[in-house]
Amino acid sequence: MTSDARPIAHLLARFAVDQRADPTLVERFGEDIRGRIVDVLGNSLAATTTAVFPVTSTVVRTWGGAPRATAIGLGDGVPTASAAFHNGTLAHALDFDDTHLPSVLHPSASVIPAVLATAEAVGASYEAVVAAAVVGIEITNRLGMAGYDDALGNSVFFERGLHATSICGTLGSAVAVAMLLGGDQDVIGHSIGIAASMGAGLLEANRTGGTVKKVHCGWAAHSGTVAAELALAGLTGPPTVLEGRFGFLQAHCGDRVDLSALTDKLGTDWTLGAVGFKPYPCNIYTHPVIDAALQLRERGITADQLDWVEAGVAKPTLRTIAEPPAKKASPETGYEAQFSGPYAFAAAMLGGGGLGVSLEDFTDAAAVEPRRRALAARVRMVDAESATAAFPRRISCVLRYRTQQGQEGEITIPVNRGFGARTLTADEHLTKFRTNASTALPAQQVEALEKALQRLPHLSMTDLMSGLRQLAPTHGSPERKGS
């Protein structure tokens, strides 16, 4: 419990107000937030070529309403909350979004779309955007850490089958939007209280199928936006919504919570530096497996030479990327392939593009390609003691293999690419953006958008986002269907 007797929502609201007034925030975090906006927009553009795009487009158009913000790929403006929903869905749809460790949250996929939609609607400055995004991401991550059990070595949310990204992202988005709407401390506090009744997300689709997870971050961005708008209009939330007997953390995590994670060193120790960028468009638990496969290729070993492969990963991740074994070895769709450790290995050995594994490795056609399936069937996923001990502060892998010629070897990946000492370089970030944007846009539009994003601190959000309405993505490509 925090040493301050005031409700935690009150303290977080006070923090938000203080940061909004801090003139040094852009200097400290402006370039980081620009990078996250670039990453989110690149991911979102690529997702306009998937089957989820016509789904959200149809629903958003049906909702109607005042055209205040841009839904990427739609020519006309839509209501702010609708834009947040559509864009947030696209931002997370490819599982290519940034990740905070050890909470294993994807904060930007909900917070950034909510911020961009609201900033466009109200004509907010870049300084206001940075403050809202930084605070929204910080609160999202701290909520995730409040539900992280160090003794368990995992998120209690995850252990209960809950998607903390969408649940916590709803509250982070609400605070960010309330800041941009000019809400005072009371309004921001009530936004938290209201949003806590709106966050949701279950992870069963990771195990047995279904595409509902694609909309989790979109719904978080939408719900956070609506919560802030309701608070501004006068709706109120319970002051003890976070720590109360029937509050947010008790409801989702029971007694296994760390309330101090919400307020300890708030405003001095920031979580943003622990949010890495994904190099590969798939579940992050598969990434060290991909890293190991790419190193195997560098050793000159080909897929056809392999007799068997044993990928040792953290035990808690096996439920997501290895179980049930038969299904993970033979994914039916590109989307299922994104959550398969055996398939990720096969894709890295037989595919390519982007930063080593590309979006084209996770199409429906690629998922059922016989050669990939045959290789995936030779991959056994096991619990590696060292990977389990490191998880989830590091996502690691110990890969053992044997060739048909009898050569045996081992590759250890202590930390997945994109995190810690292996953070992506500026060139790698640019490669990722260009690769993503190019799946949806012609080269000259990609170049123009890249130049606009470089000017982001001096470009209004209204100009940036409304300009995206003029782009002409190739929507719903059959090649990307279901991915």
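The values are calculated or read from the model by the stated rules, or taken from the named source; none is laboratory data. Just so we're clear, the structure is a prediction, and the values are computed from it rather than from any experiment. Here the Cβ positions follow ideal geometry from the backbone for every residue, glycine too, while neighbour counts run over all protein chains shown. Protein only, heavy atoms only, side chains kept; ligands, DNA and RNA dropped before computing areas. Shrake-Rupley method; radii C 1.70, N 1.55, O 1.52, S 1.80 Å.
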(request) Give the shape of the range 26-113 as rounded, prolate or oblate, defined through the alpha-carbon gyration tensor: a ≥ b ≥ c are the square roots of its eigenvalues, a/c under 1.5 means rounded, and otherwise the shape is prolate if a/b is larger than b/c and oblate if not. (result) prolate
(message) If I fit a long axis through the Cα atoms of helix 216-233 and take the longest principal axis of the Cα atoms of the chain, what angle between them do I get, 0 to 90°, rounded to 10?
(response) 0
(request) Over 23 Å, how big is the tail of the calculated P(r) for the range 336-483, in percent of all Cα pairs? (result) 54
(request) Express in whole angstrom the spacing between the alpha-carbon centres of the range 86-165 and the range 284-337. (result) 27
(message) Calculate log10 I(q)/I(0) of the range 87-156 for q = 0.13, 0.22, 0.23 Å⁻¹, where I(q) comes from the Debye formula with a single equal point scatterer on each Cα and nothing for solvent.
(response) -0.42, -0.94, -0.98
(request) Set the Förster radius R0 to 51 Å, insert the Cβ-Cβ distance between Arg455 and Arg160 as r into 1/(1 + (r/R0)^6), and round the FRET efficiency to 0.05. (result) 0.70
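What accessible area per residue, rounded to a whole number of Å², is obtained for the range 328-483 using a probe radius of 1.4 Å? Could the numbers behind the result be given before it?
Details: 6930 Å² over 156 residues.
With the other protein chains kept in place, the range 328-483 gives 44 Å² per residue.
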(request) Calculate how steeply helix 25-47 sits against the longest principal axis of the alpha-carbon atoms of the chain, using the helix alpha-carbon long axis, and give the answer as 0 to 90 degrees to the nearest 10. (result) 60
(request) Lys and Arg at +1, Asp and Glu at -1: add these up for the other residues within a Cβ distance under 9 Å of Lys327 and post the number. (result) -1
(message) As I understand it, the value is the acute angle between the Cα axis of helix 80-93 and the longest principal axis of the Cα atoms of the chain; what does it come to in degrees, rounded to 10?
(response) 20
(message) Under the 0.36 nm per residue contour assumption, what length would be gained going from the current alpha-carbon distance of Asp255 and Val382 to full extension?
(response) 42.6 nm
(request) State the Cα centre-to-centre distance between the range 389-436 and the range 222-244 in whole Å. (result) 41
(request) On each of the three principal axes of the Cα atoms of the chain, give max minus min coordinate, whole Å, ordered largest first. (result) 71, 52, 39
(message) More than 22 angstrom separation, counting every C-alpha pair in the range 225-307; what % is that?
(response) 63
(request) Calculate, for Thr412 and Thr62, the FRET efficiency according to 1/(1 + (r/R0)^6) with r their C-beta to C-beta distance and R0 51 Å; round to the nearest 0.05. (result) 0.50
(message) Can you give me the % of accessible surface on the chain that is carbon or sulfur? Probe 1.4 Å, all protein chains present, nothing else counted.
(response) 52
(message) I need the shape label for the range 187-277. Rule: rounded when a/c is under 1.5, else prolate if a/b > b/c, else oblate, with a, b, c from the alpha carbon gyration tensor.
(response) rounded
(request) Count the DSSP beta bridges whose two residues both fall in the chain, then state the antiparallel fraction as a percent rounded to the nearest 5. (result) 80
(message) Restricting to DSSP H runs of at least four residues, report the calculated mean residue ellipticity at 222 nm for the chain, -39500 (n - 2.57) per run over all residues, nearest 500 deg cm²/dmol.
(response) -15000 deg cm²/dmol
(request) Between Ala443 and Thr240, take the C-beta separation as r, use R0 = 45 Å, and let me know the FRET efficiency to the nearest 0.05. (result) 0.25
(message) Could you work out the relative contact order of the chain? I mean the mean sequence separation of Cα pairs under 8 Å and 6+ apart, divided by the number of residues, in percent.
(response) 21
(message) Lysine pairs in the chain with Cα distance under 28 Å, only those 8 or more apart or on different chains: how many are there?
(response) 26
(request) Starting from the Cα-Cα distance between Ser197 and Ala421, subtract it from 0.36 nm times their residue separation and give me the gain in nm to one decimal. (result) 76.8 nm
(request) With a cut-off of at most 11 other beta carbons within 10 Å, and DSSP calling the residue loop, which trypsin sites (Lys or Arg not before Pro) in the range 159-264 qualify? Please list them. (result) Arg245
(message) Report the gain in length on full extension from Val212 to Arg373: 0.36 nm times residue separation, minus Cα-Cα distance, nm rounded to one decimal.
(response) 55.4 nm
(message) Can you pull out the chymotrypsin sites (Phe, Trp or Tyr not before Pro) in the range 191-264 whose DSSP state is coil and whose Cβ has at most 16 other Cβ atoms within 10 Å?
(response) Phe246
